[in-house]
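Each remark here refers to the structure printed beneath this line.
The values are calculated or read from the model by the stated rules, or taken from the named source; none is laboratory data. Given the structure is predicted, the values throughout are model-derived calculations rather than measurements. Note that each Cβ is placed from the backbone with ideal geometry, even for glycine, and that neighbours are counted across all protein chains shown.
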Amino acid sequence: MEEDNANDIIKWLFKDKTQVDCKGIVEMSGDGARKTKWEARLRGNLLALEAVDFTAEPILFVCEKLEFWPSNKSQNGLSLRQNSKEFLMEFVGGDCVDKWAMQLGVCSHRVTQAEYEQ
């Protein structure tokens, strides 16, 4: 994916009129880094993050080969791994964890099914 396309996709996902599968505020940490607060939006297999309380470039994940499991560090969190990078995604408001886990599982399954059908 070209970087220009990624920026356009992120802008589109964060428009008010764009319908998404899940959205919410999350705290992310990974590789020993401090926790940072992000607004997260998931549509299909695209997960976009925009910084909430600090300045950073937005991030776009294409949820291919994404592994996730309930975090053993946080009751309101999921551990995510894509390639060799691992992140902890904690949800502000615990009722979101199950919905996010289901949606991430569905989008990962769609990618796997599409690869199988090819």
Filtered residues of segment 100-111 (kept if surrounded by fewer than 18 Cβ atoms within 10 Å (Cβ to Cβ), at pLDDT 80 or above and either among the hydrophobic types (A, V, I, L, M, F, W, C) or touching a strand residue (DSSP E or B) at 6+ places or on another chain (Cβ under 6 Å) (or both)): Ala101, Met102, Val106
Test result for Glu27, outside any loop (DSSP other than H, G, I, E, B), buried (at least 17 other Cβ atoms within 10 Å of the Cβ), touching a Lys or Arg at 6+ places or on another chain (Cβ under 6 Å) and not basic (Lys, Arg): yes
For Thr18: the one exception among (1) touching a strand residue (DSSP E or B) at 6+ places or on another chain (Cβ under 6 Å); (2) in contact (Cβ under 8 Å) with a residue 12 or more places away in the chain; (3) among the hydroxyl-bearing types (Ser, Thr, Tyr): (1)
Meets criteria (within 10 Å of the chain's Cα centre (by Cα) and either basic (Lys, Arg) or buried (at least 18 other Cβ atoms within 10 Å of the Cβ) (or both)) for Arg34: no
Any hit, segment 60-77, residues being outside any strand (DSSP E or B), over 25 Å from Asn7 (Cβ atoms) and either within 10 Å of the chain's Cα centre (by Cα) or charged (D, E, K, R) (or both): yes
